[in-house]
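The values are calculated or read from the model by the stated rules, or taken from the named source; none is laboratory data. Just so it is clear, the structure is predicted and the values come from calculations on it, not from any experiment. Note that we place each Cβ from the backbone using ideal geometry, even for glycine, and neighbour counts take in every protein chain shown. Side chains included, ligands, DNA and RNA excluded: accessible areas come from the protein's heavy atoms. Shrake-Rupley method; radii C 1.70, N 1.55, O 1.52, S 1.80 Å.
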Amino acid sequence: MSERRGKSEQEDHWQAVALSTEVGRKPWRLLLDGAPIVLFRSATGISALFDRCAHRLVELSTGKIVKGEIECPYHGWRFDGDGRCTAIPGHVGAVPHYRVRRYRAIERDGVVFVAVGSPRANLICTVCRARM
């Protein structure tokens, strides 16, 4: 018999999703609770974003990393590690405030952990029992 947890309880846990070595120079795609997520090494460390561009919903994981930001392969929109759009090719003036959903991500002992919600500090990972 399986046990179902409530949504708020699921959001309070870190989930081990990849080995640190798997997230290198290229974006790395995964599914977390059915949602497509892209992992990449940003200017601030490991980042996890919803794997769809805010413009045309193209998979960001099929793009590339440029100066610590992920670039959409379709029109070249770039997003930083927090999911903020930082560049739109051909756009004149200030960049509009477009965003892609960001997930919390950390690296510990060679493993990448992602959380859907906002887990409290010092929680214990339900998979490996490590303190976050």
Notebook entry, point to check: Using the C-alpha atoms of region 14-114, what convex hull volume per residue, in cubic angstrom, is computed?
Noted result: 87
Notebook entry, point to check: Taking a 1.4 Å probe, which of Arg41, Arg84 shows the most accessible area, and what order do the others take after it?
Noted result: Arg84, Arg41
Item checked: For a label point 7 Å along the Cα-to-beta-carbon line of Val66, residues of region 89-107 with backbone N under 20 Å -> 89-101
Check: Packing-wise, with mean Cβ within 10 Å as the measure, how do 88-94, 25-31 rank, highest first?
Finding: 25-31, 88-94
Check: With a sphere of radius 15 Å drawn around the Cβ of Pro73, what net charge do the other residues whose Cβ falls strictly inside it have (Lys, Arg +1; Asp, Glu -1)?
Finding: +2
